[in-house]
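A short worksheet on the structure shown next.
The values are calculated or read from the model by the stated rules, or taken from the named source; none is laboratory data. Keep in mind that what you see is a predicted model, and the values were worked out from it rather than measured. For neighbour counting, all protein chains shown are included, and Cβ atoms are generated from backbone atoms with ideal geometry for every residue, glycine included. Calculation scope for accessible area: heavy atoms of the full protein, side chains included, ligands and nucleic acids excluded. Shrake-Rupley method; radii C 1.70, N 1.55, O 1.52, S 1.80 Å.
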Amino acid sequence: MKRKEAVKRKEARECLSQLRLACELVKLIRRFFPDLLPRLGAVSDPRHPSYITYKGHVLLMTRILSSIFYISSMRKTSEEFNSLQ
């Protein structure tokens, strides 16, 4: 059975700083754009319901965040956002 590698202090500090950045970003969005999420939820979704995995507002918010963080593709966005876990 494999053992998980211990998280190094530097990596833990980086993850913590990224988490703080994300929390601050959420505060800014809620403060200056309080109706952003309801508006994104109101956008019509032309996709067939059987093909929908993620709701439209989730995809739109992901693209907005990837633009803020200068991430060029959805693949890179997934890699970057999933590495924060």
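Quick notes on this structure:
- Among the candidates R20, R31, residue that is of a type outside the set (F, W, Y) and modelled with pLDDT of 90 or more: R31
- Annotation: of all residues in segment 48-57 being part of a helix (DSSP H, G or I) and open to solvent by 60 Å² or more (accessible area, probe 1.4 Å), the one that is nearest to L28 (Cα to Cα) is H57.
Yes/no matrix, rows are residues, columns are (1) touching a residue at least 40 places away in the same chain (Cβ under 8 Å); (2) in contact with a helix residue (DSSP H, G or I) (Cβ under 7 Å, 6 or more places away or on another chain); (3) outside any helix (DSSP H, G or I); (4) surrounded by 10 or more Cβ atoms within 10 Å (Cβ to Cβ):
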residue	(1), (2), (3), (4)
E14	no, no, no, yes
Q18	yes, no, no, yes
E24	no, no, no, yes
I29	no, yes, no, yes
L37	no, yes, no, yes
P46	no, no, yes, no
L60	no, yes, no, yes
S66	no, yes, no, yes
E79	no, no, no, yes
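- Answer residue from segment 68-77, given it is among the hydroxyl-bearing types (S, T, Y) and under 22 Å from L28 (Cα atoms) and is most open to solvent (accessible area, probe 1.4 Å) among those: Y70
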